[in-house]
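First comes the structure, then the notes that go with it.
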Amino acid sequence: MWSAFSGSKRGAGIRRLGALIAISLLGGCATQPSGSSGPFRAQYVAGLEKPEVVMVNRTDRQISLRVSGAVERHLTIPAGGTSTTSLPAGAYEYSATAAGVMPCSGTESFEKNYRYTWEFTIVTSAY
């Protein structure tokens, strides 16, 4: 598990100045390289011609998601909701946004015969 915003900067003479709020994919965003250690959990499903992506929104805000690669999709995942889509296999760029938080973006490759679960949370860290 990784997090782009998990630490707080505190020390002698340093006071808390504010909070940083960001969309998180299983605890982080953008600084994590894509692949098996990234924010996607992959499950092998024999015979699944197009990769299936299950997006789970564990926040109190609607998330807008753009996925761009072999096809481009603009998806909305309601607060506390789940959405599923199938994509042609290949590499994709993604960008997730929600009201009042920093966006999250990166790249990921999806392979046929796999179902990917993608969980969104919101992380608040002091700075």
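Here, each number is a calculation from the coordinates, and none is a lab measurement. These numbers were taken from a predicted model, which means no experiment stands behind them.
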Report the full-extension gain for the segment D60 to S86: residue separation times 0.36 nm, less the Cα-Cα distance, to one decimal in nm.
6.9 nm
Scattering from the C-alpha atoms of segment 58-122 alone, worked out with Debye: what is log10 I(q)/I(0) at q = 0.12, 0.13, 0.27, 0.28 1/Å?
-0.30, -0.35, -1.33, -1.38
Separation of alpha-carbon centers, segment 68-108 and segment 41-63, rounded to whole Å
10
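How much length is gained if the chain between S68 and A42 is pulled fully straight, taking 0.36 nm per residue apart and subtracting their Cα-Cα distance, in nm to one decimal?
Here the answer is 7.4 nm.
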